[in-house]
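Student: Attaching a single structure in structure tokens format; questions to follow.
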Amino acid sequence: NDSSFSLNFDSASARFNDYFLKNLKAQIVSDENILSSRLGIEELIIKDFSTKNTALEVEAAEDQAKLKFKTEKILGKDLSTEMQLNALCSNREDGKLHVDASLGDSFINIGAQRWAFSHPDINWEDEKLSIADFSLSNEAQKIELKGDLSSVVPSELALIINNLELQTANALLDGEMPLSGILEGRISLMTPSHSNAGLNIDLNCTELKIG
């Protein structure tokens, strides 16, 4: 079939300057109007960054795309993630691009804690990124992201932190100075830069202890 093809690539190991890859497997398959690609890397090292058992899958068909990503042992820590992203692209009558995106079931594991992503609405249109109902949470701990970023009209994107336990970060730190305490507050970024630039930070940490 002239409209189909398949490409496979395997490498036991590869090194280039500060890059090292172990057991790289890649595949690209085109069948009619669907393009699928898969990438797997047992171990990846880029300078001081490292991760293991990384897998990326992308499927694209006409104006839709689906992406799945997972990896483990990020920076050699007990840190892993699985992400699913869906996107729908379209062109308006004036030729400008419109993108609607959403997250499927996605999470981050930090030590024994599982942080789950919500199923947000994300769209791009008229040089403006809009985010609604985006959150990452673990029980009572929650981080929210909502609002807009624009290079044209005055906009605000806010990061809202609720009941974040600082000891969560200890699973990622090498130092002998463990953290504890509860962080809450809001960080707001105003755009566009030429007329409305600004960064407001209002954070409060109770019961803070270091060491």
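The values are calculated or read from the model by the stated rules, or taken from the named source; none is laboratory data. Predicted model, so just to flag it, every value in this text is computed and none were measured. With ideal geometry, Cβ positions are generated from the backbone for all residues, glycine too; neighbour counts draw on all protein chains shown. The protein model used for the area step is the full one, side chains on, heavy atoms only, and it has no ligands, DNA or RNA in it. Shrake-Rupley method; radii C 1.70, N 1.55, O 1.52, S 1.80 Å.
Student: Here are some pairs, 22/77; 22/70; 68/96; 25/70; which of them have Cα atoms lying more than 22 Å apart in this structure?
Tutor: 68/96
Student: State the Cα centre-to-centre distance between the stretch 191-208 and the stretch 17-41 in whole Å.
Tutor: After rounding, the separation between the Cα centres reads 40 Å.
Student: In addition: Going by the alpha-carbon gyration tensor, a ≥ b ≥ c the square roots of its eigenvalues, is the stretch 49-146 rounded (a/c under 1.5) or, if a/c is not under 1.5, prolate (a/b greater than b/c) versus oblate?
Tutor: Oblate shape, in that a/c is at least 1.5 and b/c is the bigger or equal ratio.
Student: Moving on. At 1.4 Å probe size, with the rest of the protein present, what percent of the exposed accessible area of the chain is carbon and sulfur atoms?
Tutor: Result for the chain: 53 percent of the exposed heavy-atom area is carbon or sulfur.
Student: Write down the accessible area per residue of the chain in Å², having rolled a 1.4 Å probe over the full set of protein chains.
Tutor: In whole numbers, the chain has 64 Å² accessible per residue.
Student: Per-residue HN-Hα couplings for the stretch 134-150, Karplus 6.51 cos²θ - 1.76 cosθ + 1.60 at θ = phi - 60°, whole Hz, x for Gly and Pro?
Tutor: For the stretch 134-150, the Karplus-derived couplings read 9, 8, 10, 9, 9, 6, 7, 7, 8, 10, 10, 9, 8, x, 9, 10, 9 Hz, x marking Gly and Pro.
Student: Which of 151, 177, 103 sits farthest toward the positive end of the charge dipole of the chain, with +1 on the Cβ of Lys and Arg and -1 on the Cβ of Asp and Glu?
Tutor: 177
Student: Could you give the dipole magnitude of the chain about its Cα centre, charging the beta-carbon of Lys and Arg +1 and that of Asp and Glu -1, in debye to the nearest 20?
Tutor: Its charge dipole is roughly 680 debye.
Student: Now for a separate question. Take each of the peptides 201-207, 149-155, average the number of other beta-carbon atoms within 10 Å over its residues, and list them starting from the highest.
Tutor: Those peptides, ordered most packed to least, come out 149-155, 201-207.
Student: Between the DSSP loop rule and a limit of at most 13 other Cβ atoms within 10 Å, which GluC sites (Glu not before Pro) in the stretch 1-50 are left?
Tutor: Answer in residue order: 32.
Student: So, one more: Considering Cα pairs under 8 angstrom that are at least six residues apart, work out the relative contact order of the chain and quote it in whole percent.
Tutor: With pairs under 8 Å counted, the relative contact order is 9 percent.
Student: Next up: Which one, 21, 81, 91, projects farthest toward the positive side of the charge dipole computed for the stretch 21-103 from Cβ point charges (K/R +1, D/E -1)?
Tutor: Selected residue: 21.
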